[in-house]
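Visitor: Submitted below is the structure of interest, expressed as structure tokens.
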Amino acid sequence: MKKKILVLGGAHIDRRGRISGETAPGASNPGTWFEEPGGGGFNAARNLARLGFQVTMISPRGGDPIGEMVGEAADFAGIDDRPFVFLDRKTPSYTAIIEKDGNLVIALADMDLYRFFVPRRLSIRWVREAFAAHDLILFDANLPEETIAAIVAKARSLAKPVAAIAISPAKVVRLKPCVEDIDYLFMNEAEAAALAGERPDDAGGWPPLLNEIGIRSAVVTRGRRELVALCDGRAVTLQPPIAETLADVTGAGDSLAAGTLAALMQGLPLEQAIRHGTAAAALTVQSPHAVNENLTPDLLNEALALVPQIRILH
């Protein structure tokens with residue numbers, strides 16, 4: 001029987017402009033424009049569905065054509081889509097400018113609608129039933145702080161493992177009140193620094209710093225440098241494989257979370273599961289889309305052969 005994963009969080013439109021030449025700040029840059037459904041939670045949900053899990057997605061959405069586009073993408077991915085639709089509001093959006101080499105220059109998140117996902121919506125009968133029926137709860141920090149706390153509390157009361165995607169330095173701080181009760185936290189170095197209040201000089205500085213603020217298990221990505229995973233007192237590092245072609249980094253962190261969680265759901269410990277997450281991220285950055293359209297369990301296993309073994313810090 002397929003494992004079931006409930007995802008709560010961002011499902012909106014991603015707009016990305018890619019600069020064709022060398023970036024000229026403060027000037028007009030030739031480039032191309034592209035848009036597709038995205039969002040941290042939604043990207044992770046689609047990856048998990050491609051990897052064979054039964055996924056339910058809950059998020060706020062506007063009553064507009066963009067909301068319909070997101071719904072169609074969820075249906076195409078095989079996700080059980082359960083949005084809260086606000087007919088008089090617009091679906092949130094994420095607009096990014098990408099350099100020629102695929103790296104992010106700057107982004108703007110217009111996501112006011114997510115504040116309407118208030119804690120009382122978790123008491124709706126079908127939402128309560130969804131929590132009870134799924135094996136893992138995953139959310140992202142697009143949601144309000146009080147809703148995040150309520151999601152974590154509900155998951156803990158049902159003895160369900162709960163995972164979180166940090167989204168951004170500005171939003172990760174919403175996790176502070178309940179960070180000790182999150183089983184698996186995925187963030188990049190900038191987000192981890194915003195949560196911890198400082199940034200260590202090297203990878204080995206992250207485990208004690210995260211332990212100080214009560215984090216038990218987390219993955220901190222550091223771009224092309226080795227990532228750090230904290231696994232209930234044990235710390236490891238892993239050097240991500242360098243992709244031969246870097247199409248777009250959008251969605252890489254979401255796919256890393258999805259690949260890691262997929263391996264965890266299959267019984268692997270976190271220090272081994274991160275190899276699967278890193279393989280998923282490597283496949284994502286080689287695609288122009290936030291979710292690699294060719295992702296399958298077999299392709300992920302092939303990519304896994306290029307991922308080095310972990311290195312134990314302590």
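The values are calculated or read from the model by the stated rules, or taken from the named source; none is laboratory data. This is a predicted model, so every value here is computed, not measured. Reconstructed Cβ throughout: ideal geometry from the backbone, glycine too, with neighbour counts over all protein chains shown. We work out accessible area using only protein heavy atoms, side chains counted, and drop any ligands, DNA or RNA first. Shrake-Rupley method; radii C 1.70, N 1.55, O 1.52, S 1.80 Å.
Visitor: Return the pairs, sorted by first residue and then second, in which the second residue is basic (K, R) and part of a loop (DSSP other than H, G, I, E, B), the first residue lies in the stretch 144-161 and is without any contact (Cβ under 8 Å) to a residue 60 or more places away in the chain and open to solvent by 10 Å² or more (accessible area, probe 1.4 Å), the beta carbons are less than 9 Å apart, and the residues are 6+ apart or on different chains.
Guide: From the stretch 144-161, the pairs are K154/K160.
Here is a yes/no grid of residues against (1) within 18 Å of F139 (Cα to Cα); (2) open to solvent by 50 Å² or more (accessible area, probe 1.4 Å); (3) outside any helix (DSSP H, G or I); (4) modelled with pLDDT under 95:
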| site | (1), (2), (3), (4) |
| --- | --- |
| E72 | no, yes, no, no |
| D75 | no, yes, no, no |
| T95 | no, no, yes, yes |
| A107 | no, no, yes, yes |
| L113 | yes, no, no, no |
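Visitor: Right, another one. Of all residues being over 30 Å from M1 (Cα atoms) and more than 19 Å from the chain's Cα centre (by Cα) in the stretch 116-137, which is surrounded by the most Cβ atoms within 10 Å (Cβ to Cβ)? Just the residue, please. If you could, list the steps in order and put the result at the bottom.
Guide: First pass over the stretch 116-137, keeping only residues over 30 Å from M1 (Cα atoms): 116-120.
Subsequent filtering for residues that are more than 19 Å from the chain's Cα centre (by Cα) retains 116, 118-120.
On the way: F116: 13, V118: 14, P119: 16, R120: 9.
Top of the filtered list is P119.
Visitor: I would also like to ask the following. Which of (1) assigned to a helix (DSSP H, G or I); (2) within 23 Å of A49 (Cα to Cα) does S287 not meet, given it meets every other one?
Guide: Checking S287 against (1) assigned to a helix (DSSP H, G or I); (2) within 23 Å of A49 (Cα to Cα), the one that fails is (1).
Visitor: Tell me which residues, restricted to the stretch 43-70, are touching a residue at least 40 places away in the same chain (Cβ under 8 Å) and in a helix (DSSP H, G or I).
Guide: Just the residues of the stretch 43-70 that are touching a residue at least 40 places away in the same chain (Cβ under 8 Å), to begin with: 43-48, 50-62, 66, 69-70.
Listed by number, the residues that qualify are N43, A44, A45, R46, N47, L48, R50, I66, M69, V70.
Visitor: Check the stretch 221-232 and report whether any residue there is farther than 22 Å from P169 by Cα, over 15 Å from the mean Cα position of the chain (by Cα) and open to solvent by 20 Å² or more (accessible area, probe 1.4 Å).
Guide: For the stretch 221-232, residues farther than 22 Å from P169 by Cα, over 15 Å from the mean Cα position of the chain (by Cα) and open to solvent by 20 Å² or more (accessible area, probe 1.4 Å): present.
Visitor: Also, quick follow-up: Considering only the stretch 1-48, state which residues are surrounded by 24 or more Cβ atoms within 10 Å (Cβ to Cβ), polar (S, T, N, Q) and in contact with an Asp or Glu (Cβ under 6 Å, 6 or more places away or on another chain).
Guide: Residue satisfying the conditions is N43 alone.
Every residue, every condition in (1) outside any helix (DSSP H, G or I); (2) open to solvent by less than 50 Å² (accessible area, probe 1.4 Å); (3) in contact with a His (Cβ under 6 Å, 6 or more places away or on another chain), yes or no:
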site	(1), (2), (3)
G259	no, yes, yes
A262	no, yes, no
Q272	no, no, no
H276	no, yes, no
V291	yes, yes, no
L299	no, yes, no
V307	yes, yes, no
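Visitor: Got a number for residues in the stretch 233-258 being within 15 Å of the chain's Cα centre (by Cα) and either at pLDDT below 95 or not hydrophobic (A, V, I, L, M, F, W, C) (or both)? I'd like the intermediate steps shown before the answer.
Guide: Step one: filter the stretch 233-258 for residues within 15 Å of the chain's Cα centre (by Cα), giving 249-258.
Right, trim to either at pLDDT below 95 or not hydrophobic (A, V, I, L, M, F, W, C) (or both) and you get 249-255.
Residues flagged as within 15 Å of the chain's Cα centre (by Cα) and either at pLDDT below 95 or not hydrophobic (A, V, I, L, M, F, W, C) (or both) within the stretch 233-258 amount to 7.
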